[in-house]
Each structure stands twice: as C-alpha cells, then as structure tokens.
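*Asks:* So that we are looking at the same thing, I have put the structure below in structure tokens.
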Amino acid sequence: MATEVPAGSGARPAAEASVPNPAVRFVIKTFAIANMEVRKLRHDPTELVSRAIQPLLWLLVFGQVLGRLHSLPTGRLTYAEFLAPGILAQSVLFVAIFYGISVIWERDLGIVHKFLVTPTPRAALVLGKAVSAGVRALSQAVIVYLASFALGVRLNASPAALLGVFVLIMMGAALFATFSLIIASLVKTRERFMGIGQVLTMPLFFASNAIYPTSAMPDWLRAIARVNPLTYQVDGLRSLMLKDGVSSLGLGVDVLVLASVLLLLILIGARLYPRIVT
C-alpha cells in the first residue's frame, strides 16, 4: 500500500520522483498546490454563495436601470448583453485580487515556511495558487451565465466558445491573483494589504470596458484602459460569450496580452514570494 506524503513535507512522492522530465514535475507540483488550495472550499462553501450577490446586483439592478436609458453606444448588443461579460470579468477580478491575504494568513500560521523548505520551485508555488484562484472564479461564471439567461441575453453555448470562456477566466483570475500575491509579499500585513486591494479594484474596474465601451471614454481614460489587463479579458469574454459578440481588439491580441502579463507576474511573484516571511 502506498503511503501518503503529508502536504508541505520535504519528501517527494515516489510517482513524482520517477518522472524524469523537469517540465512534467513542475506541472505535477503546480497542480498539487492548486488542489490543496481548492480543497479549502469544502471547509467554507458559503464563500461561493456570498460572492454570488454582487454580480447579481450589477446585472439585475444596475444593468436593468441603465439599459432603459439607451445612452451608451453598444452597437447591435442590448445593454444587458454588453454588460454580462463585463460583470463576469469583474467577479473574477474581485475573487482574485484579495487572494494574497491568504498568503499572509499562511505566513502567520507557519505554512509558508514549510513550503519554502520543500524542493518545489517558487514559480510552481505561485502558479499553483493562481490556478486555484481560477477554479474558484469558475463558480462566478455559472452564476453570471444563469442570470444572463434569465435576462434574455443571447449566449453562445457552443463547446468552443465555452472552452474559450473557461480559458479566459482561468487566465484572468491567475493574473490578478498573482498580482495580489506580489502585493502581499511587499506589504506583508493584512491591514495594508486590504487597504491597497480596495484602492486597486475600483480603478481597474472603472478604467476598463466592463460597463461602458472605450469609445464613450475621454482620451485620457481610454489610454489607461488600453494598458489595463481587465480590458482585454472583457473584450475576449464579450466575443466568446455572446452570439453577436465581436472583439474590438482581436481575440488573439486579448489572449496574447493576458498570457504575457501573467507570465511576467509569475516570474516577479516567484522572486518576491520568499520575502513574505522576512
């Protein structure tokens, strides 16, 4: 009978040790960290329910009221259709941007110290936590899809479109979760982290194309939106989620920008992650 190796111990499972390819070992370790993080949801499933309230309010209240004004140039899309991908991206952002506080809790409990003495690469630790943030964010997609369907939004339910939405959600959540981890590594206290997180979420959201098109923005805000990763996630989701959705920036550009920023943040996060214990 195989013995289970405790999480966080320095021992390596026999199956992992027998894998000669370093890239494969990296992936195994990444998903081991992600699996450990996702299992925490079983201890607090109410988190998923509480996070459903905000996107529902945006879609059912804000979207319905502003949609009656017909004041925004949304093209052939109704405002509810235009808004739904933006609210999904917003939900992903809000799930991920405060993810770094869990790292501060783990430091206080001594868990981070145990991770850092294992042979697991720092990049695998960071990426594993980023992947787990993406899994948590998928629950928001279910909520937004159900609410959008109830509001009469014409959703694209093809397997290819759903797969594309899944990829964009995972990339966006991983990106903002890694950004959050970098902030946690720098500020190191829960109070400062919460303050900075709250300061960042609203500018990222409002300086994007989530609730209004970039064509309605003043030039200075449009320039900020073009360097905001959330803009590219919303643009990609809008082209994949909706039957009449199109990407104004190009779906390939959206994916390339998100992937490039994510890779850069993972490299930075891997270097900064050990600093959270000093």
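The values are calculated or read from the model by the stated rules, or taken from the named source; none is laboratory data. Keep in mind that this is a model prediction, so the values were computed, not measured. Every residue, glycine as well, gets a Cβ built from its backbone with ideal geometry; the counts of neighbours run over all protein chains shown.
*Asks:* Return yes when residue 137 is of a type in the set (A, V, I, L, M, F, W, C), under 20 Å from the mean Cα position of the chain (by Cα) and part of a helix (DSSP H, G or I) and no when it is not. Steps first, please.
*Replies:* Working: of a type in the set (A, V, I, L, M, F, W, C): yes; under 20 Å from the mean Cα position of the chain (by Cα): yes; part of a helix (DSSP H, G or I): yes.
Considered against the rule, which asks whether it is of a type in the set (A, V, I, L, M, F, W, C), under 20 Å from the mean Cα position of the chain (by Cα) and part of a helix (DSSP H, G or I), residue 137 comes out as yes.
*Asks:* Residue by residue through the stretch 49-63, note down the ones that are surrounded by 14 or more Cβ atoms within 10 Å (Cβ to Cβ) and part of a helix (DSSP H, G or I). Even if it seems obvious, please write down each step before you answer.
*Replies:* First, the residues of the stretch 49-63 that are surrounded by 14 or more Cβ atoms within 10 Å (Cβ to Cβ): 51-52, 54-56, 58-60, 62-63.
54, 55, 56, 58, 59, 60, 62, 63 - these are the residues of the stretch 49-63 that are surrounded by 14 or more Cβ atoms within 10 Å (Cβ to Cβ) and part of a helix (DSSP H, G or I).
*Asks:* Identify, by number, the condition in (1) crowded, with 16+ Cβ neighbours inside 10 Å; (2) in contact (Cβ under 8 Å) with a residue 12 or more places away in the chain; (3) of a type in the set (Val, Ile, Thr) that residue 187 doesn't meet.
*Replies:* So the condition that residue 187 fails would be (2).
*Asks:* Something else: Sort out which residues of the stretch 11-30 are modelled with pLDDT under 70 and in contact with a helix residue (DSSP H, G or I) (Cβ under 7 Å, 6 or more places away or on another chain), and write them in order of number.
*Replies:* 16, 19
*Asks:* Test each condition in (1) modelled with pLDDT under 70; (2) assigned to a helix (DSSP H, G or I) for residue 94 and report the one that comes out false.
*Replies:* Unmet condition: (1).
*Asks:* Which is under 18 Å from the mean Cα position of the chain (by Cα), among the hydrophobic types (A, V, I, L, M, F, W, C) and more than 23 Å from residue 71 (Cβ to Cβ), of 170, 202? Spell out how you get there, then give the answer.
*Replies:* Numbers: 202 fails: more than 23 Å from residue 71 (Cβ to Cβ).
Going through 170, 202 in turn, just one is under 18 Å from the mean Cα position of the chain (by Cα), among the hydrophobic types (A, V, I, L, M, F, W, C) and more than 23 Å from residue 71 (Cβ to Cβ): 170.
*Asks:* Ok, one more. Any idea which of 177, 223, 173 is over 23 Å from residue 131 (Cα atoms) and not polar (S, T, N, Q)?
*Replies:* 223
*Asks:* Applying the selection to the stretch 64-109, what residues are hydroxyl-bearing (Ser, Thr, Tyr) and either touching a Phe, Trp or Tyr at 6+ places or on another chain (Cβ under 6 Å) or exposed (fewer than 15 other Cβ atoms within 10 Å of the Cβ) (or both)?
*Replies:* We begin by selecting, within the stretch 64-109, every residue hydroxyl-bearing (Ser, Thr, Tyr); these are 71, 74, 78-79, 91, 99, 102.
Those that are hydroxyl-bearing (Ser, Thr, Tyr) and either touching a Phe, Trp or Tyr at 6+ places or on another chain (Cβ under 6 Å) or exposed (fewer than 15 other Cβ atoms within 10 Å of the Cβ) (or both): 71, 74.
*Asks:* Oh, and also: What is the number of the single condition among (1) farther than 30 Å from residue 158 by Cβ; (2) under 16 Å from the mean Cα position of the chain (by Cα); (3) not hydrophobic (A, V, I, L, M, F, W, C) that residue 231 does not meet?
*Replies:* (1)
*Asks:* Pick from the stretch 110-154 the residues that are hydroxyl-bearing (Ser, Thr, Tyr) and at pLDDT 85 or above: which of them is surrounded by the fewest Cβ atoms within 10 Å (Cβ to Cβ)?
*Replies:* Applying the filter and picking the extreme gives 145.
*Asks:* Still on this structure: With the checklist (1) outside any helix (DSSP H, G or I); (2) among the aliphatic types (A, V, I, L, M); (3) crowded, with 17+ Cβ neighbours inside 10 Å in hand, flag the one item residue 157 doesn't pass.
*Replies:* Failed condition: (3).
*Asks:* Which is of a type in the set (A, V, I, L, M, F, W, C), out of contact with any Ser or Thr (no Cβ under 8 Å at 6 or more places or on another chain) and surrounded by fewer than 16 Cβ atoms within 10 Å (Cβ to Cβ), of 199, 257, 261? Write out each step before concluding.
*Replies:* Numbers: 257 fails: surrounded by fewer than 16 Cβ atoms within 10 Å (Cβ to Cβ); 261 fails: surrounded by fewer than 16 Cβ atoms within 10 Å (Cβ to Cβ).
Every option except 199 fails the conditions.
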